[in-house]
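Okay, structure first, notes after.
The values are calculated or read from the model by the stated rules, or taken from the named source; none is laboratory data. Not measured: the values here are computed from a predicted model. Here the Cβ is made from the backbone with ideal geometry for all residues, glycine too, and neighbour counts use every protein chain on show. These area figures cover heavy atoms from the full protein model, side chains too; ligands, DNA and RNA do not enter into them. Shrake-Rupley method; radii C 1.70, N 1.55, O 1.52, S 1.80 Å.
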Amino acid sequence: MSALHRRSLLAGGVAATFGAPAIVRAQNVGDWPKGPIKIIVPFPPGGSTDPVARIIQAKLIETTGWNIIVDNKPGGTGAVGSAVAAKSAPDGQTWMITFDSHILNPAFAPSLPYKDSELANVMQIGRTPQVLAAHPDRPYKTFADVVADAKKRPGKVSVGVLAASQALVLMTLIKKENDVDLNLIPYKGGGPVDQDILAGVTDVAIQSLASFSPHIRANKVRPIAVTGEARTPALPDTSTLIEQKIKGFPSYAWWGAYAPTGTPRPIIDKMHAAITKAVRSPDVTQKFVEQFNMEILTSSPEAFAAYQKSEQERWFKVIKDNDIKGD
């Protein structure tokens with residue numbers, strides 16, 4: 001068994017990209033928490049972010065005894081809930097767990113009701129590659145097959161993609177870098193993306209592995225590429241875009257935790273340690289692997305902030321250069 005295979009299946013090893021942060025013992029946290037702790041999820045129930053937050057919530061309650069509430073604040077592709085979190089008192093009573101599209105909001109909506117600087121990076125919880133999948137009736141075995149067909153039939157091959165998302169930016173970049181005219185169809189939610197690829201309305205779609213896994217297992221869609229640097233053990237026979245000689249950037253769906261800027265570092269360290277213990281508990285790790293094919297990361301606040309900065313520099317340039325709209 002390869003090292004990558006072991007890491008993905010157990011999701012307990014050190015993340016190659018960031019390394020495991022040293023657990024800092026929080027000092028002088030006083031009587032924190034002072035009452036119920038709120039974890040804001042800026043999306044509705046369903047999808048992946050809400051269950052990720054609720055699995056963490058349940059384990060934190062079990063291991064700490066804290067009173068923790070998950071509060072869904074959907075709207076504006078996560079902007080509404082993010083604003084609530086950003087404007088909350090930085091006293092350690094409010095946190096946010098969100099999805100990777102969060103860091104693209106400033107590029108898609110410059111008039112956001114909050115600033116990135118108002119939210120402090122706590123940790124990147126975990127990640128999973130995105131998957132390109134075809135309807136089973138289509139002839140595509142790889143994404144390279146899709147590109148070849150689209151070059152013969154410009155604009156005729158449809159690709160379902162979530163609006164205002166990293167997937168949309170990646171597919172726009174792929175169109176440009178590979179000189180191929182794909183018909184990108186943006187959707188307001190991941191559910192409709194799934195519905196149309198399952199119904200054969202679209203030829204191809206791109207979603208996180210977490211979203212597509214049940215449909216792949218049921219043979220309702222055919223995986224034709226993954227977007228990470230290497231193949232995922234969950235789909236060992238599905239090659240990467242890199243292997244298929246498709247020009248673009250490696251891309252991952254991920255989940256992360258934030259706090260209002262100004263939250264005392266000792267409190268952030270204590271919550272970081274608590275979430276790390278929770279997600280690396282064998283039962284929680286198993287749930288995350290089985291439900292989301294998640295690679296656990298638990299990166300330090302500094303590593304998460306550096307990752308966000310580099311990702312925003314990369315994707316914001318693509319958004320600007322190609323005038324990509326969020327709607």
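A Förster radius of 45 Å, combined with the Cβ-Cβ distance separating Lys141 from Thr261, puts the computed FRET efficiency at roughly 0.40.
On a 0 to 90 degree scale, rounded to 10, what angle separates helix 143-152 from the longest Cα axis of the chain? Tilt relative to the chain: about 40 degrees. Taking 7 Å steps out from each Cα toward its Cβ at Glu302 and Val29 produces label points 2.0 nm apart. Considering the dipole of the chain built from charges on the beta carbon (Lys and Arg +1, Asp and Glu -1) around the Cα centre, which of Gly30, Asn67, Val159 is farthest to its positive end? So the residue we want is Val159.
With a simple spin-label model that places each label point 7 Å from the Cα along the Cα-to-Cβ direction, the separation between Lys188 and Arg54 comes to 2.3 nm. Accessible surface area normalised per residue over the chain is 42 Å², counting heavy atoms of protein chains with a 1.4 Å rolling probe.
Database remark: amide H of Ala120 closer than 5 angstrom to the amide H of Ala259, Thr261 (H placed geometrically; neighbours at sequence offset of 5 or more, or on other chains; Pro and chain starts carry no H). Within the accessible surface of the chain, defined with a 1.4 Å probe on protein heavy atoms only, the carbon and sulfur portion equals 54 percent. Rounded to the nearest 0.05, what FRET efficiency do Asp181 and Lys309 give with R0 = 25 Å and r taken as the Cβ-Cβ distance? Could you check? Computed FRET efficiency for Asp181 and Lys309: 0.15.
The residues packed around Asp321, meaning those with a beta-carbon under 14 Å from its beta-carbon, carry a net charge of +3 if Lys and Arg are +1 and Asp and Glu are -1.
Where does the charge balance sit around Lys59 when Lys and Arg score +1, Asp and Glu -1, over other residues with C-beta under 12 Å from its C-beta? So the surrounding residues net to +2. Full extension of the chain between Lys151 and Lys87 yields a length gain of 18.2 nm, computed as 0.36 nm times the residue separation minus the alpha carbon distance.
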